[in-house]
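Notes to accompany the following structure.
The values are calculated or read from the model by the stated rules, or taken from the named source; none is laboratory data. Keep in mind the model is a prediction, meaning the values are calculated, not measured. Every residue, glycine among them, receives a Cβ derived from its backbone with ideal geometry; neighbour counts consider all protein chains shown. Protein only, heavy atoms only, side chains kept; ligands, DNA and RNA dropped before computing areas. Shrake-Rupley method; radii C 1.70, N 1.55, O 1.52, S 1.80 Å.
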Amino acid sequence: MDEGTGNGEAPSANEAALVLQTVAEFSRRSLASLLPPPEKSILLDVAFRAAREAAELGILSTEEPTGLGLWDFPERPDSFHLSKRILSLLAETSAAVSWHFHSLALGRWACREAGLAGEEAAIAAVEGRCGFARGALFRWLSGQALSEGDRALLQENFLSPGQGGAPAVVQAGTGWGRALFPALSRDGLRLEWHLYRREKLSAEPVGDSHGLEGTASWLLSIPARSEPEERAHLSGGEAARLLLHALAIQAAGLLAVGVGSTRAALRSARRYSTERRQGGSLIGELPAVQQLLGEAAANLEAVETLLESLSVIPKDVRELRRFFAIRAVAHPLLCQAATSALQVFGGYGYMRDYGMEKILRDNQHLKLLGGTPAEIRLCLGAVGEESHVA
């Protein structure tokens, strides 16, 4: 994988197949060996340790992108599809590790697009302190006239330089050294991107999350009057477009991780149905179990189709709206599929020994990242058919 396509070329079918083979081998041998049994919690540094090996294999690009790593060139359909498949494949072994890889890859891509690329791992805060300011961000990105209330929400949510406060909560593992923030200019009319080193931030893990054990919700606070290490030299339109693209990649990543973890749940449920006997017969022969498996498969396949339809990052807010509309439908389907798979195990499914309840918790958590369901609906209502990037 290290040689790659070079020069930003999209991967060929053969190259993509080799990448996925490498990811599958890495998941089966290295990643699985790092994970504890399902009944034990994953240590916070497991994802970081896995990321170091993934970087050596080229799954995560650390220097010049090859076109074969995660989110190397998301503007190219083949690379976009490849990244989704990498995340799904990783999530079949660990949703938390897959999400951490996504966070690192998204951060590196955003830094590169902003002209702030460096050797140190970075994460990108694509949401503000309170998500998307109740749809005000989408109205602003689409060029709509904003009310005073919208302006106040945006100023509160995406802080001006030096204002201080807590602009973001980001879900990631350990091992990152920088954070990239979108911020409104002092007049509230222009979006900027600011890069801070970790030691200049207050970065505190916020308790245990309901899902994605092995990562943490980091509360990122910028001290008052603190200036960023670097500012991206982007026009207002370029900075807004970078945020739009990052939001789309985040949405696709959330769904890809959910698909992979749910795929693992269905596989486990099918295997269990061929091993567990009740009343002298395999439970897989029972109509109720067959129905649960069928429901899980149907919901999973529906989401896989929706995810596959996301073929390239959007050019405008109207196209981004489709990403969010698919998320609004897809996450509940994944949660239903995970629930059906869990119920094949009966009461055992709710115990930690089999790992099924964790997969359900992971999917419930993924549904809340990148905008809660209520916030996603507000964003969908804020964007019309004629929207465009400001």
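Considering only the range 283-295, state which residues are over 14 Å from A341 (Cα atoms) and either surrounded by 15 or more Cβ atoms within 10 Å (Cβ to Cβ) or polar (S, T, N, Q) (or both). L286, the sole residue that qualifies.
Among the residues of the range 196-222, the ones that are within 21 Å of the chain's Cα centre (by Cα), among the hydrophobic types (A, V, I, L, M, F, W, C) and on the phi < 0 side of the Ramachandran plot come to 6 in all.
Taking the criterion of being open to solvent by 40 Å² or more (accessible area, probe 1.4 Å), in contact with a helix residue (DSSP H, G or I) (Cβ under 8 Å, 6 or more places away or on another chain), touching a residue at least 40 places away in the same chain (Cβ under 8 Å) and part of a loop (DSSP other than H, G, I, E, B), the only residue of the range 109-135 that qualifies is R129. Search the range 7-21 for residues being part of a loop (DSSP other than H, G, I, E, B) and within 17 Å of W71 (Cβ to Cβ), and hand back the single one that is modelled with the highest pLDDT. Per the stated criteria, the residue is P11. For the range 226-242, state whether one or more residues are crowded, with 17+ Cβ neighbours inside 10 Å, closer than 21 Å to Q171 by Cβ and of a type in the set (A, V, I, L, M). Yes, the range 226-242 has at least one match.
Could you please find all residues in the range 207-222 being at pLDDT 80 or above, of a type outside the set (S, T, Y) and more than 14 Å from A179 (Cα to Cα)?
Residues satisfying the conditions are H210, G211, L212, E213, G214, A216.
Residues of the range 327-383 being touching a Gly at 6+ places or on another chain (Cβ under 7 Å) and over 28 Å from L310 (Cβ atoms), which ones? Passing the criteria: Q343, E357. With the structure loaded, tell me whether E319 is more than 16 Å from L87 (Cβ to Cβ), acidic (D, E) and touching a Lys or Arg at 6+ places or on another chain (Cβ under 8 Å) or whether it fails that test. Judged against the criteria, E319 is not a match.
Exactly one residue among E301, E295, E275, E308 is in contact with a strand residue (DSSP E or B) (Cβ under 9 Å, 6 or more places away or on another chain) and outside any strand (DSSP E or B), and that residue is E275. One residue stands out in the range 310-365 among those that are over 20 Å from the mean Cα position of the chain (by Cα) and hydroxyl-bearing (S, T, Y): the one that is surrounded by the most Cβ atoms within 10 Å (Cβ to Cβ), namely S340.
Take L380 and decide whether it is of a type in the set (A, V, I, L, M), in a helix (DSSP H, G or I) and crowded, with 18+ Cβ neighbours inside 10 Å. No.
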